[in-house]
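Just below is one structure, and these are the notes that go with it.
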2 protein chains.
Amino acid sequence: MKAQDIKKAGLKVTLPRLQVLEYLEKHPGMHFTADELFTQLRQSSSEIGLATIYRVLNQFETAGLVVKHQFDNGHSVYELDTGEHHDHMVDVDSGEVTEFYSKQLEDLQVKLAKDYGYELIDHNMVLYVKKAK
Amino acid sequence: MKAQDIKKAGLKVTLPRLQVLEYLEKHPGMHFTADELFTQLRQSSSEIGLATIYRVLNQFETAGLVVKHQFDNGHSVYELDTGEHHDHMVDVDSGEVTEFYSKQLEDLQVKLAKDYGYELIDHNMVLYVKKAK
DNA sequence: GTGGGTGCAAATAATTTGCACGGTA
DNA sequence: TACCGTGCAAATTATTTGCACCCAC
């Protein structure tokens, strides 16, 4: 439940925090920029400020409640952390984002890091695609 | 040769353009932010402006002379386009960037896109790593 | 000569921070 | 009540743009 998750993160349960978390839960698998969340929540007769959204999202990211992704267009998008890792495909024509997971890909990355004398901590992988004809 | 490459891109051969291209050629396999290039070139008694660096780098990127990468820290880095595609590993402790290439990885990405009904246009993959103990 | 190119400073855009007020524990 | 959290506006940071001058062709 939402309030519990916020408490577990060592944060006070406040209205803005609940609203952000609730909005993300209502739209599973979707990605939002801070500004999109701001606009959406404002329409729900909320007095929330953009700066608060950024602060809350950063806290949630640190707490592992939310995942932040950086696509090539510059801004960052956030989504609820479901615990299941996945990567993204972005349709360059429509901007549509598809999540995918490939065990083979994950394993290959670990192997590649090892080949170069490293240990894999994290990765960022985005495929830019077009609808096949 | 440098001047030729610039001409081929349909651009006039000017001092700033030569200086940027020359600096990148002198440091193969290295990545620079626009600001780093600015500082470096200024030290070489150049009157170049930061805005010009951004303009020139964008033109070079469009022309395919230079590749632009966006790591998670926010700013973009540029390197000479050698024509050989590769991906990057970033050491999260030192910030050091290692280039690597894996045919297996490239093939897997094409296959993944196809599995989802897409055609792969481009990709962005960065491994965040730590030196193995 | 002329139009593209440049440096500088001002304009944007995304995100962060300072501050006085408000709400949670 | 004490202090964290908030909204707002101002500050930052990376990048882009307007403009008068300059230079490659």
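Values in this text are rule-based calculations from the coordinates and carry no lab data. Keep in mind that this is a model prediction, so the values were computed, not measured. Every residue, glycine as well, gets a Cβ built from its backbone with ideal geometry; the counts of neighbours run over all protein chains shown.
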Exercise. For chain B, what are the per-bin percents of Cα-Cα distances with bins 10 Å wide, up to the bin holding the maximum?
Worked result: 11, 36, 32, 17, 4, 0
Problem set entry | Label geometry 7 Å along the beta-carbon vector: A:Thr14 inter-copy distances in nm | 4.9
Problem set entry | Value of Rg/Rh across the protein assembly as shown [Cα atoms, Kirkwood radius] | 1.02
For this session: Determine the shielding of peptide B:87-93 by partner chains: average, over its residues, the number of Cβ atoms on other chains within 10 angstrom of each Cβ.
Result: 3
Seminar exercise, completed: Over its alpha-carbon atoms, the stretch A:18-67 yields an Rg and a Dmax in Å of 10.1, 28
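Counting only other residues whose beta carbon sits under 10 Å from that of B:Thr98, what net charge do I get with K and R as +1, D and E as -1?
Values: positive: none; negative: B:Asp87, B:Asp91, B:Glu96, B:Glu99.
Within the 10 Å Cβ shell, the charges total -4.
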Exercise. Tally Lys/Arg at +1 and Asp/Glu at -1 over every other residue whose Cβ is under 15 Å from the Cβ of A:Ala51; what's the total?
Worked result: +1
For this session: Give me the lysines in straight-line cross-link reach of B:Lys12: C-alpha distance below 21 Å, same-chain residues under 8 apart excluded.
Result: B:Lys2
Seminar exercise, completed: To the nearest 10 degrees, the tilt of helix A:50-63 (Cα long axis) against the first principal axis of the alpha carbons of chain A is 50 degrees
Problem set entry | Shape call, the stretch A:63-106: gyration tensor on alpha carbons, a/c limit 1.5 | oblate
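Net charge near B:Glu22, counting Lys/Arg +1 and Asp/Glu -1 over other residues with Cβ under 13 Å of its Cβ?
+1
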Seminar exercise, completed: Between the Cα axis of helix A:103-115 and the main Cα principal axis of chain A, the angle (0 to 90°, nearest 10) is 70 degrees
For this session: Quote the relative contact order of the stretch A:1-101 in percent (integer), defining contacts as alpha-carbon pairs under 8 Å separated by 6+ residues.
Result: 23 percent
Problem set entry | Cross-link table A:Lys7/A:Lys103; A:Lys26/B:Lys111; A:Lys114/B:Lys26; A:Lys111/B:Lys103, entries beyond 24 Å C-alpha to C-alpha | A:Lys7/A:Lys103; A:Lys26/B:Lys111; A:Lys114/B:Lys26
Problem set entry | R0 of 41 Å, Cβ-Cβ distance A:Ala9-B:Thr82: FRET efficiency to nearest 0.05 | 0.35
